[in-house]
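Report on the following structure.
The values are calculated or read from the model by the stated rules, or taken from the named source; none is laboratory data. All values derive from a computational prediction rather than experimental measurement. Glycine also receives a Cβ, built like all others from the backbone with ideal geometry; neighbour counts cover every protein chain displayed.
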Amino acid sequence: MKGWINMKKTWSILCLTLLCMLFAIPAALAADPAEAAKIDTGDTAWVLMSAALVFIMTPGLGFFYGGMVRSKNVLTTIMQSFFIVAMISVEWVILGYAMTFGTDINGFIGSLAKVGLTGVGMNILDNGTIPELAFVAFQCMFAVITPALITGAFAERMRFAAFTVFILLWAIFIYNPMAHWVWGGGFLAQLGALDFAGGLVIHILSGVSGLTICILLGKRHGYGKLPMLPHHLPMTVLGATLLWFGWFGFNAGSALGANALAANAFVTSQSAAASATVAWVLIEWIHNGKPTILGAASGCIAGLVAITPAAGFVAPMPSVIIGLVAGVVCYTAVAVVKAKLSYDDSLDAFGVHGIGGTWGAIATGLWATKEVNPAGADGLFYGSSDLIVAQLISIVVAYALAIIGSFVLFKLVSAFMQVRVDESEEVSGLDIVEHGERGYAQSIMTGSPVIGSAEDAAMAMQAFSIDSDPVSK
């Protein structure tokens with residue numbers, strides 16, 4: 001009886017505690033009425049919608065990359081992007097936001113006062129019109145997609161355990177510092193560098209890091225000797241479409257409001273993507289004799305990459321030029337330079353993101369104008385050379401951080417675990433070896449009568465063979 005009474009007391013105390021928490025938590029999070037009055041609901045709605053648009057880009061990237069690998073590695077490739085969404089979101093809330101947007105310490109890193117989003121609550125963003133939590137959510141999606149871009153460079157040959165450790169360390173020690181230097185008030189921002197939505201922070205950093213890792217890992221088994229063709233181009237086009245769609249949130253959302261600057265970024269993004277698609281298809285047509293859908297998909301991504309740092313600083317006509325040049329230089333990097341240098345950047349992360357981001361950062365220094373964004377600067381074509389100098393310095397810093405940082409982290413991870421799969425495992429496919437799954441029905445892969453004619457079966461075996469080799473554009 002006494003035990004029963006003690007149990008009832010215990011449950012009563014627990015219930016009272018929970019009730020207190022239910023009332024206390026909203027009170028702790030509630031915004032000050034004066035602060036709430038400063039919040040613009042339209043701006044807030046646009047930033048939250050943009051965060052959702054940027055979110056869909058990473059699963060879209062999984063499809064974009066997934067269609068370009070061999071069928072035996074499609075799930076592994078999609079899994080890498082999908083898992084990054086979860087892992088980096090947790091890292092961002094716990095540590096990433098504090099490192100990136102905490103109070104600047106000597107121009108190099110943010111203070112850790114906001115670890116675990118401590119003190120963020122429902123406060124309004126400094127000098128803004130949205131809750132800081134909306135900004136946290138928006139920037140979280142940027143932190144998510146950046147390391148996912150790297151995976152295209154080392155596709156089909158890295159162990160999942162090593163991949164997770166490397167990506168987590170890369171986000172903490174490479175992405176967060178660089179994002180702070182450019183967007184968080186760090187030394188590059190103080191120098192005057194401009195990066196509206198991530199040419200320096202996202203595309204150069206991920207593309208150059210990807211190139212570094214693919215060289216350290218070595219080439220895929222049979223690279224340059226066996227056929228390396230995309231196994232499912234419709235999947236790749238679907239992924240490219242999702243990326244193009246989400247990119248409007250990526251660039252226009254970086255205006256942090258439903259305003260004229262967002263409209264400018266929206267239009268410049270579309271025009272650059274469109275002109276780069278046209279340029280890539282035309283140069284491919286001239287160079288190879290046929291225009292391809294893979295080329296069109298790659299071209300639109302190249303244009304979007306190039307306009308990303310400039311979208312909120314340049315007018316629509318320069319964005320067309322930026323896109324046209326991006327289509328040409330990125331195609332050259334992918335179809336000519338990679339073949340001559342013979343490095344195995346599986347899905348052209350460097351050729352598209354590294355090269356496209358570099359051109360975009362330079363273009364920002366050429367065409368940026370205060371007529372578009374008074375908070376920006378005038379570029380070389382508008383009478384000032386200061387910005388192009390700052391952009392070039394920032395590009396060098398981004399390349400150095402990506403190369404040195406990725407090299408050190410790769411060697412660190414390699415000291416504790418095997419990074420690359422064995423040759424026999426690579427031949428079998430990472431889907432089975434690493435995850436115990438297949439992306440496609442066995443009957444299709446073995447040319448079952450369900451396929452139809454003998455010719456159909458032979459074509460299916462060629463398309464889905466687990467012994468064929470990967471992709472090269």
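Among residues of segment 400-429 that are in contact (Cβ under 8 Å) with a residue 60 or more places away in the chain and at positive phi, those with a beta-carbon under 6 Å from a residue that is polar (S, T, N, Q) and in a helix (DSSP H, G or I) at least six positions away or on a different chain give the pairs GLY429/ASN73.
Just one of (1) modelled with pLDDT of 50 or more; (2) out of contact with any His (no Cβ under 9 Å at 6 or more places or on another chain); (3) part of a helix (DSSP H, G or I) fails for GLU437. It is (3). Take VAL144 and decide whether it is in contact (Cβ under 8 Å) with a residue 40 or more places away in the chain, more than 18 Å from THR212 (Cα to Cα), assigned to a helix (DSSP H, G or I) and β-branched (Val, Ile, Thr). So VAL144 fits the description; yes. Given the criteria modelled with pLDDT under 95, surrounded by fewer than 15 Cβ atoms within 10 Å (Cβ to Cβ) and in a helix (DSSP H, G or I), does ALA34 qualify? Spelling it out, ALA34 is indeed modelled with pLDDT under 95, surrounded by fewer than 15 Cβ atoms within 10 Å (Cβ to Cβ) and in a helix (DSSP H, G or I).
Quick check on this structure: which one of VAL314, VAL281, VAL305 is within 18 Å of GLY249 (Cβ to Cβ) and at pLDDT 95 or above?
VAL305
Got a sec? Which of VAL305, VAL336, VAL352 is surrounded by fewer than 22 Cβ atoms within 10 Å (Cβ to Cβ) and either assigned to a helix (DSSP H, G or I) or in contact with a Leu (Cβ under 9 Å, 6 or more places away or on another chain) (or both)? Before you say what the answer is, go through the steps one by one.
Numbers: VAL305 fails: surrounded by fewer than 22 Cβ atoms within 10 Å (Cβ to Cβ); VAL352 fails: surrounded by fewer than 22 Cβ atoms within 10 Å (Cβ to Cβ).
The match here is VAL336.
Annotation for segment 53-75: at least one member residue is touching a His at 6+ places or on another chain (Cβ under 6 Å) and either surrounded by fewer than 23 Cβ atoms within 10 Å (Cβ to Cβ) or at pLDDT below 50 (or both). If you check LEU211 against the conditions, is it modelled with pLDDT of 95 or more, within 14 Å of the chain's Cα centre (by Cα), crowded, with 22+ Cβ neighbours inside 10 Å and on the phi < 0 side of the Ramachandran plot? Against the criterion (modelled with pLDDT of 95 or more, within 14 Å of the chain's Cα centre (by Cα), crowded, with 22+ Cβ neighbours inside 10 Å and on the phi < 0 side of the Ramachandran plot), LEU211 does not qualify. A single member of SER275, SER298, SER319 is part of a helix (DSSP H, G or I) and touching a Leu at 6+ places or on another chain (Cβ under 6 Å), and it is SER275. Among the helices (runs of 4 or more DSSP H) confined to segment 186-268, the ones with at least 1 residues that are among the β-branched types (Val, Ile, Thr) are located at 205-217, 233-252. Note on segment 361-386: among residues that are polar (S, T, N, Q) and out of contact with any Asp or Glu (no Cβ under 7 Å at 6 or more places or on another chain), the one that is surrounded by the fewest Cβ atoms within 10 Å (Cβ to Cβ) is SER385.
Name the one entry in MET79, MET99 that is at pLDDT 95 or above, out of contact with any His (no Cβ under 6 Å at 6 or more places or on another chain), part of a helix (DSSP H, G or I) and more than 25 Å from ASP431 (Cβ to Cβ).
Only one candidate passes the filter, namely MET99.
Any idea which residue in segment 260-280 is surrounded by the most Cβ atoms within 10 Å (Cβ to Cβ), counting only those that are farther than 18 Å from LEU53 by Cβ and in contact (Cβ under 8 Å) with a residue 24 or more places away in the chain? Explain how you work it out, then say what you get.
The first filter runs over segment 260-280 and keeps only residues farther than 18 Å from LEU53 by Cβ, leaving 260, 271, 274-280.
Restricting the remaining residues to those that are in contact (Cβ under 8 Å) with a residue 24 or more places away in the chain gives 271, 274-280.
On the way: SER271: 20, ALA274: 18, SER275: 24, ALA276: 33, THR277: 24, VAL278: 18, ALA279: 22, TRP280: 31.
Only one residue fits best here, namely ALA276.
Here ILE362 meets each of (1) in contact with a Leu (Cβ under 9 Å, 6 or more places away or on another chain); (2) closer than 26 Å to PRO230 by Cβ with one exception, condition (2). Quick check, is ILE283 closer than 29 Å to CYS140 by Cα and either of a type in the set (Phe, Trp, Tyr) or in contact with a Phe, Trp or Tyr (Cβ under 6 Å, 6 or more places away or on another chain) (or both)? No.
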